[in-house]
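Readers should treat all values here as calculations from the given coordinates under stated rules, not as data from a laboratory. Please read all numbers here as calculations on a predicted model, not as lab measurements. Note that each Cβ is placed from the backbone with ideal geometry, even for glycine, and that neighbours are counted across all protein chains shown.
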Amino acid sequence: MNAIDLETRYSAHNYAPLPVVLTRGQGAHLWDTAGRRYVDMMSAYSAASHGHAHPRILAALTAQAKRFAVPSRAYYSDRLGPFFAELCRLTSLDAALPMNTGAEAVETAIKAARRWGYRVKGIEPGRAEIVVAAGNFHGRTTTAISFSTEPEYRDGFGPFTPGFGPVPFGDLAAVERAITPQTAAVLIEPIQGEAGVIVPPAGFIAGLRRICDAHRVLLILDEVQSGLGRTGAWFAFQHENIRPDGVILGKALGGGVLPVSAFVARREVMDVFTPGSHGSTFGGNPLAAAVGLEALHVISDEELVEKSRVLGAHMLERLRAIESPALAAVRGRGLWAGAEIDPNIASAREVCERLLGKGVLSKETHHTVVRLAPPLVIARDDLDWALDRFEDVLHELAGPRRRARAA
């Protein structure tokens with residue numbers, strides 16, 4: 001059996017990968033088993049924002065792995081404190097709780113919000129509510145899909161966890177109407193990634209801050225994808241000069257080599273946790289902390305936030321200048337764009353398959369959107385080359401449609 005047949009034979013079919021077998025990565029490039037090189041325009045949903053095999057991150061990983069990796073949080077380590085201190089400095093928050101995946105950090109934030117609602121705000125036990133956005137994606141745990149509005153994510157997985165109320169994304173009036181005396185938090189992505197890189201109206205995040213302050217409700221932002229430079233700021237909330245009560249981080253926090261996540265919050269929120277109330281065997285281990293800290297330092301030292309801002313503006317300008325009936329809309333911020341494909345001309349999957357054939361790796365979402373989110377280390381020439389291929393594909397797809405209409 002070849003690699004695709006072997007994986008298909010023994011894997012659960014919960015993904016539909018593009019037909020390429022990757023074997024190596026370096027910077028913004030990936031190679032398949034035949035030796036062909038590709039420009040990575042996905043960066044593992046932002047998990048590889050530093051690029052693949054970044055030498056400083058690999059050095060930190062190797063040095064720490066040789067020294068001390070996983071003792072559990074039953075003991076202190078010399079790596080966790082410095083990592084937490086840097087996270088708190090960057091977010092302007094007070095305390096952090098480490099986990100592994102973004103979904104785990106989301107679950108941590110939910111537990112913190114509920115306990116804060118009961119112990120600090122005084123909500124009646126068992127009645128805490130959290131306002132969320134329609135079109136959200138916060139992971140695939142049972143609780144996270146309980147407040148998803150995407151039928152495909154929920155089908156066959158009930159019964160679901162109660163206590164969540166979705167409102168239209170970007171609608172401040174709907175958020176305020178949804179708040180009751182039992183509302184503990186508003187949990188929201190500053191930009192909805194999986195939904196198709198949906199950017200809310202200007203002032204939306206600042207408006208959420210005002211509403212939450214007025215009703216004594218926590219504002220918790222899921223920046224698993226949008227954080228750590230992806231939007232041209234360290235965190236997307238900084239574009240509107242606010243401070244959330246809690247922020248959820250992951251993906252790029254692991255430097256492209258490990259799953260590392262964290263919930264970072266104000267002290268009043270984090271202090272609801274007591275020994276035994278929450279934890280993780282692997283969360284916050286010295287290996288993860290060493291890699292996470294180096295990942296933060298690399299973003300700073302290599303000025304990847306500014307690079308994302310500048311190259312992101314260039315990428316969006318180029319995408320919006322494409323004249324093709326196949327391209328229905330372009331949305332994004334920083335090095336993060338969603339290109340909406342006209343379903344009457346092609347599916348987003350077809351676009352991605354054609355890009356694959358031209359040496360560019362991306363992935364569709366919701367059948368109509370091609371996501372473009374290269375590693376923040378990408379060179380401008382490589383970015384332009386990939387965008388040229390994307391434009392070529394759109395023109396190729398629109399050509400047959402134009403000819404068919406003319407006939």
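List of remarks:
- Report note on the peptides 230-237, 217-224, 22-29: ranked by the mean count of other C-beta atoms within 10 Å, highest first, their order is 217-224, 230-237, 22-29.
- Set of aspartates and glutamates with alpha-carbon distance to residue 121 below 17 Å, sequence-local pairs under 8 removed: 129, 213, 245, 268, 271
- Each part reduced to its alpha carbon centroid, segment 91-137 and segment 1-66 end up 32 Å apart.
- Remark: for residue pairs 307/358; 66/363; 251/358; 111/251, the C-alpha separation exceeds 30 Å in 66/363.
- Neighbour-count ranking [beta-carbon atoms within 10 angstrom, fewest first] of 302, 323, 107: 323, 302, 107
- A cut-off of 5 Å between modelled amide H atoms, ignoring neighbours fewer than 5 places along the same chain, links residue 167 with 132, 133, 134.
- Of the peptides 250-263, 38-51, 76-89, 152-165, the order by per-residue mean of other Cβ atoms within 10 Å, starting with the highest, comes out as 250-263, 38-51, 76-89, 152-165.
- Nearest-0.05 FRET efficiency for residue 281 and residue 140, computed from C-beta distance (R0 25 Å): 0.75
- Global geometry of segment 122-237, whether rounded, prolate or oblate, following the gyration tensor of its Cα atoms and the 1.5 cut on a/c: oblate
- Beta bridges assigned by DSSP with both partners in segment 152-253 are antiparallel in approximately 10 percent of cases.
- FRET efficiency estimate (nearest 0.05) - Cβ-Cβ, residue 92 to residue 202, R0 25 angstrom: 0.70
- Top positive-direction residue, dipole computed over segment 55-301 with Cβ charges, set 157, 167, 80: 80
- The DSSP beta bridges internal to segment 55-301 are antiparallel in roughly 40% of cases.
- Using just its DSSP H runs of length 4 or more, each adding -39500 (n - 2.57), the chain gives a mean residue ellipticity at 222 nm of -11500 deg cm²/dmol after division by all residues.
- Computed over the chain: relative contact order in percent, which uses C-alpha pairs under 8 Å that are six or more apart: 23 percent
- Segment residue 15..residue 69, full-extension length gain: 16.4 nm, with 0.36 nm per residue of separation and the alpha-carbon distance subtracted.
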